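The structure appears right after this line, and notes come after that.
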Amino acid sequence: MDKTTIHSNAALTDPFGRRIEYVRLSVTDKCNLRCFYCMPKDFRDFEQPEHWLTFDEIERVIRVFTELGVARLRLTGGEPLVRKGITELSSRLTALPGLSDLSLSTNATLLKKHAASLHEAGVSRINVSLDTLKPERFKEITGGELQPVLDGLMAAKEAGFTPIKINMVAMKGINDDEFEDMVGFCLQHGFTLRFIETMPMGATSDDATDHYLDLQTVKQQLAQSYDLVPGVMPGGGPARYVQIKNTDLRIGFITPISQHFCETCNRVRLSVDGTLYLCLGQDDKVELRPLLRNGITDDELKTVLIDAISLKPEKHEFNNKPDQVVRLMSMTGG
Ligand code: SAM
Ligand code: SF4
């Protein structure tokens, strides 16, 4: 058996028996919003353009990942739609034979312009961050305007994305009076709703933890207004779902803090500068850019990726060491 055959049969399995089949790719660390829990208002320390992986480099790394069994990819950031040529990149990635699912996480501010072309390029599923339906509050949380986000969401619906998931970071004293309103909005438009617990990420950790809300509380609050039954979401990832009885609305709870889901983690993250992060909440990483720019062969790259997966830590430690992570979410690719 030659080396190529050995590699193509090798699944990426980490030391804890978890099969890695999903990559989150941060195509930029820049963003046109400044959600206070994600990026400091005056943050400008972005990666230099010459360090960004080019589309050729991204396509190559993802192709090699697919040859090792990765079938799903999510484009994220920063805000992925601020990277020029994102539709072209999407088309190139969906053309990879091993890739069966390309999805996108976005703040939707630029989605109106891009929705139809992204759908045509083969992006199938889309997650949109939306923490409030009140324009003034949206401004306070993100520094931006709500209306373009709502326009972007409607354009995504019209373009035929399915499902469209709304990601709402649940925050005490910030938006905890809007959970029912968001349920109503998602019911009206056929969106899936997911609540997220704030995580202590980078320099924003004080703000994030100040407003932390255990999602059990949110579930209990919703149960007073709605008849919640257990729900399932195909490809739902770490969210635990319920459904409102007699409706199609699924509500997911992503609880990295109160009930971590590390034992089923199936993903790694590739940042815009070509750093492969093995865990959102740990520093273990492998720098791929220097290798890519120094003539590594595909077979050598496969070996590097297989070795990298052996470094994947068992779990994050947001609870015991909340100050440990120095990276912002926008750097790692949330
Ligand atoms: N800009 C895109 C967006 O907002 O969807 C993609 C990148 S953003 C970093 C991905 C997700 O991370 C968003 O849903 C956002 O709410 C979440 N996020 C960012 N910082 C977070 C934090 N400290 N705790 C929990 N979620 C966070
Ligand atoms: Fe930008 Fe997304 Fe971070 Fe908000 S959560 S600042 S939209 S990257």
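The values are calculated or read from the model by the stated rules, or taken from the named source; none is laboratory data. Keep in mind the model is a prediction, meaning the values are calculated, not measured. Cβ coordinates were reconstructed from backbone atoms using ideal geometry, including for glycine residues, and neighbour counts include every protein chain displayed. Please note that ligands, DNA and RNA were not included when accessible areas were found on the heavy atoms of the full protein model with its side chains. Shrake-Rupley method; radii C 1.70, N 1.55, O 1.52, S 1.80 Å.
Express as a percent, rounded to the nearest 5, the fraction of DSSP beta bridges in segment 3-332 (both residues included) that run antiparallel. Intermediate results must be reported in sequence, preceding the final value.
Working: 13 of 43 bridges.
Here the share of antiparallel DSSP bridges comes out near 30 percent.
Taking 0.36 nm per residue of sequence separation and subtracting the Cα-Cα distance, how much length would be gained by fully extending the chain between HIS189 and ASP283, in nm to one decimal?
29.9 nm
Each residue of segment 219-234 in turn: what ³J(HN,Hα) in whole Hz from Karplus with 6.51, -1.76, 1.60 and θ = phi - 60°, glycine and Pro shown as x?
Here the 3J(HN,Hα) series is 4, 4, 4, 5, 5, 6, 9, 10, 8, 8, 10, x, x, 10, 10, x Hz.
Can you work out ³J(HN,Hα) from phi for every residue in segment 58-67, in order, using Karplus 6.51 cos²θ - 1.76 cosθ + 1.60 and θ = phi - 60°, giving whole Hz and x for Gly and Pro?
Those phi angles translate into 4, 4, 5, 4, 5, 4, 5, 4, 5, 5 Hz.
Taking 7 Å along the Cα-to-C-beta vector as the label spot, tell me the ALA95-THR162 distance in nanometres, rounded to one decimal.
Roughly 2.8 nm, to one decimal.
Using the heavy atoms of the protein chains and a 1.4 angstrom probe, tell me the accessible area per residue for the chain in square angstrom. It would help to have the intermediate numbers written out before the result.
Numbers: 14310 Å² over 334 residues.
That works out to 43 Å² for each residue.
To test your reading of the geometry: what angle, between 0 and 90 degrees and rounded to tens, separates the Cα axis of helix 111-120 from the longest principal axis of the chain?
Relative to the chain, helix 111-120 is tipped by roughly 50 degrees.
Over the chain, what percent of the accessible surface lies on carbon and sulfur atoms, probe 1.4 Å? Numbers along the way, then the final one.
Details: 7230 of 14310 Å².
Result for the chain: 51 percent of the exposed heavy-atom area is carbon or sulfur.
Give the long-range amide H neighbours of THR275: residues separated by 5 or more places, or on another chain, with amide H under 5 Å away, using H modelled in the peptide plane at 1.01 Å from N.
Amide H neighbours of THR275, under 5 Å, 5+ apart: LEU288.
Taking H as built 1.01 Å from N, whose amide H comes closer than 5 Å to the amide H of LEU96, not counting residues under 5 places away?
none
Using a cut-off of 14 Å between beta-carbons, work out the net charge of the residues near GLY231 (Lys and Arg +1, Asp and Glu -1, GLY231 not included). Please report the intermediate quantities before stating the final value.
Numbers: positive: LYS165, ARG194, LYS219, ARG240, LYS245, ARG250; negative: ASP227, ASP248.
Net charge in that neighbourhood comes out at +4.
Which value in deg cm²/dmol, rounded to the nearest 500, describes the helix-derived mean residue ellipticity at 222 nm for the chain, given -39,500 (n - 2.57) per DSSP H run of n ≥ 4 and division by the residue count? Numbers along the way, then the final one.
Working: 12 runs with 108 residues, N = 334.
It comes out at -9000 deg cm²/dmol, rounded to the nearest 500.
Would you mind checking which residues have amide H under 5 Å from LEU104's amide H? H placed 1.01 Å from N; only 5 or more apart, or other chain.
Result for LEU104 returns LEU75, ARG125, ILE126, ASN127.
Spin-label point model (7 Å from Cα, Cβ direction): what's the ASP45 to ASP299 distance in nm?
4.2 nm
Taking Cα atoms, how many degrees apart are the long axis of helix 298-309 and the longest axis of the chain, rounded to 10 and kept between 0 and 90?
50 degrees
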